[in-house]
Structures are given as C-alpha cells and as structure tokens.
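Step one of this worksheet: look at the structure below.
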C-alpha cells in the first residue's frame with residue numbers, strides 16, 4: 001500500500017499532524033517483526049506536524065509523540081546526513097534498539113499477565129480451599145532472610 005501526501009490539504013489543515021502524511025504502525029503488536037520508521041525534516045519534536053502517526057490497533061487516536069520518537073519517527077537533519085555517511089544507518093540502529101527493548105518488555109508483561117492469573121487461583125487441597133498466593137507468602141516468610149529481618153537483624 002502506498003500513500004502520497006497532498007500539500008494543499010495539509011496547508012488547509014493549518015499544517016498540523018492530523019492533515020499530514022498518514023503513517024500507520026504496529027507498535028502495540030508485541031509479535032510484530034516489521035519496524036516502521038519515518039524520516040522527515042519537517043517533523044518537530046513538540047509536534048509531528050508533517051506526519052499523522054497512528055497505531056493500527058487504535059486508529060482513531062494519534063500516537064503519543066514521546067513513544068513515536070522512541071520507536072518510529074526521526075527528524076531528519078539534512079546537514080548531519082550530508083556530513084555523516086552513516087547518519088541514517090545510525091538513526092535506524094538507535095530506533096531498532098528501542099523497538100526491540102519495548103517488544104521484549106511487552107512480551108514479558110504479556111507472559112506475566114497470562115501466568116499471573118493462575119497465581120491467584122484457589123485450589124482444592126485435601127478438602128480445603130488454598131490460595132496459591134498465600135502459599136508463596138508463607139514460604140517466603142519462612143526464608144532465612146525474612147526470619148532475620150523479623151528479628152531486627154540487618155542483612
């Protein structure tokens with residue numbers, strides 16, 4: 001799919017992001033192997049201005065600019081790009097590092113949430129209901145470090 005910007009419309013919209021180039025990303029998808037990156041010298045750090053960045057899972061809401069700059073948007077600096085032959089490569093590597101870190105964190109959180117619900121389940125053990133969290137708390141309270149803390153000792 002390709003989009004072409006339409007300057008008269010953008011100007012009519014007072015050159016704001018909502019009238020800018022539509023850029024749809026999949027940053028909410030932890031399993032995504034595609035990393036969308038948008039370079040433009042008209043992007044401002046306080047206002048995407050030229051680009052209307054949307055997460056495909058929340059298309060009616062513009063993406064938070066801090067998140068967008070960490071993962072998808074680059075304000076292209078023409079002078080730096082001319083002086084540094086690795087400028088674009090370096091910027092892609094920076095965003096790629098942030099992108100991988102975010103997706104790793106999202107995967108861990110997702111797995112923790114999926115596994116966490118089973119931690120709070122109650123089980124029927126020998127005719128009694130036992131909360132699995134209670135067992136964990138009882139076990140940790142019996143650990144040597146917990147006993148020494150209760151006795152007022154420092155570790």
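State all residues of the stretch 20-51 that are farther than 23 Å from residue 97 by Cα and either touching a strand residue (DSSP E or B) at 6+ places or on another chain (Cβ under 6 Å) or surrounded by 17 or more Cβ atoms within 10 Å (Cβ to Cβ) (or both); if no residue qualifies, say none.
If the condition is that a residue be farther than 23 Å from residue 97 by Cα and either touching a strand residue (DSSP E or B) at 6+ places or on another chain (Cβ under 6 Å) or surrounded by 17 or more Cβ atoms within 10 Å (Cβ to Cβ) (or both), then 20, 21, 22, 49, 50 are the ones that fit.
Run residue 129 past the list (1) in contact with a strand residue (DSSP E or B) (Cβ under 6 Å, 6 or more places away or on another chain); (2) outside any helix (DSSP H, G or I); (3) at pLDDT 85 or above and report the number of the one that doesn't hold.
(3)
Could you grab the pairs with beta carbons closer than 6 Å, sequence gap of 6+ or different chains, first residue in the stretch 82-106 and not assigned by TED's automatic domain parsing to the domain that holds residue 71, second one in a helix (DSSP H, G or I)?
Note: no pairs meet the criteria.
Taking interchain pairs and intrachain pairs at least six residues apart, which have beta carbon atoms under 9 angstrom, with the first residue in the stretch 1-16 and closer than 12 Å to residue 50 by Cα and the second at pLDDT below 85 and not in a helix (DSSP H, G or I)?
Note: pairs meeting the criteria are 15/49; 16/47; 16/48; 16/49.
The values are calculated or read from the model by the stated rules, or taken from the named source; none is laboratory data. Owing to the predicted nature of the structure, the values given are computational and were not obtained by experimental measurement. Note that we place each Cβ from the backbone using ideal geometry, even for glycine, and neighbour counts take in every protein chain shown.
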